[in-house]
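Below is one structure, written out as structure tokens, with a few remarks after it.
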Amino acid sequence: MSQIDLYYREFGHGEPFVMLHGNGESSQNFQIKDRILAKHFKLIAPDTRGHGNTPCGEAPFTLKQFAQDLYSFLHDNHLNKVHLLGFSDGANIAMLFAMDHPELLKSLILNSGNLTPSGMKPNVLKAIKREYKKLESMVQTKEVKHQTALLNLMLQEPQIDPSELHHINIPTLVIASNNDMISRQHTEMIAKSLPNSKLVFIG
């Protein structure tokens, strides 16, 4: 069923706890051998398409495609009910997934997600645009093209209307740092749009 095989790391025992990394990162960003969590959960950290040890494949390089990849991954691994944590773009993928497949989730943790690129603070968005233009002016090697595609994701996606979150009644924890790259007001809007959420700012 899956269009691509996602590389993943797994550790621990218990209910499945899937962890989605951010843009340009990989499953290595998670300490899946956390002894406390691993006592209670089977920690599963996949590499998103075009990240870490997972190839780009031929499908569109979009967050919606990544969410479809996640659905195929869960199906292929017979994971019917999972706890899902997403960081940054991982949180955005998690929201897109939850909108289409809430029945597959027990809980949701959204760390530093955003509904649109404008949810990022202006200085952050400006820096990404500047780096994107710089890459466009360089010799288009395979690596440069890939880095450009990663930045383009952040500039163009996601495009989620807050009203699309209203039907997600999964217990959800929305987390952000007090010094996050996402504006505080935007994070508050995400939490407010989810009917069964708790909002926490840390740091």
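Data table
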read-out	value
The range 29-45: number of residues that are farther than 8 Å from residue 12 by Cβ and among the β-branched types (Val, Ile, Thr)	2
Residue satisfying condition, being out of contact with any helix residue (DSSP H, G or I) (no Cβ under 7 Å at 6 or more places or on another chain) and in contact (Cβ under 8 Å) with a residue 60 or more places away in the chain, within set 94, 127	94
Residue in the range 57-64 that is open to solvent by 10 Å² or more (accessible area, probe 1.4 Å), among the small types (Gly, Ala, Ser) and on the phi > 0 side of the Ramachandran plot present	yes
Of all residues making up the range 126-145, the number that are open to solvent by 30 Å² or more (accessible area, probe 1.4 Å) and in a helix (DSSP H, G or I)	12
Filter result for residue 53 (under 25 Å from residue 116 (Cα atoms), open to solvent by 10 Å² or more (accessible area, probe 1.4 Å) and part of a loop (DSSP other than H, G, I, E, B))	no
Cross-chain or 6+ apart pairs with Cβ under 8 Å, the range 181-203 first and in contact (Cβ under 8 Å) with a residue 40 or more places away in the chain and in a loop (DSSP other than H, G, I, E, B), then basic (Lys, Arg) and open to solvent by less than 80 Å² (accessible area, probe 1.4 Å)	181/121; 183/121
Check on residue 148, without any contact (Cβ under 8 Å) to a residue 24 or more places away in the chain and open to solvent by less than 30 Å² (accessible area, probe 1.4 Å)	yes
Yes/no for residue 24 being in contact with a strand residue (DSSP E or B) (Cβ under 9 Å, 6 or more places away or on another chain), at pLDDT 95 or above and in a loop (DSSP other than H, G, I, E, B)	no
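The values are calculated or read from the model by the stated rules, or taken from the named source; none is laboratory data. Source: prediction; values computed, not measured. Every residue, glycine among them, receives a Cβ derived from its backbone with ideal geometry; neighbour counts consider all protein chains shown. Only protein heavy atoms, including side chains, enter the accessible area calculation; ligands, DNA and RNA are left aside. Shrake-Rupley method; radii C 1.70, N 1.55, O 1.52, S 1.80 Å.
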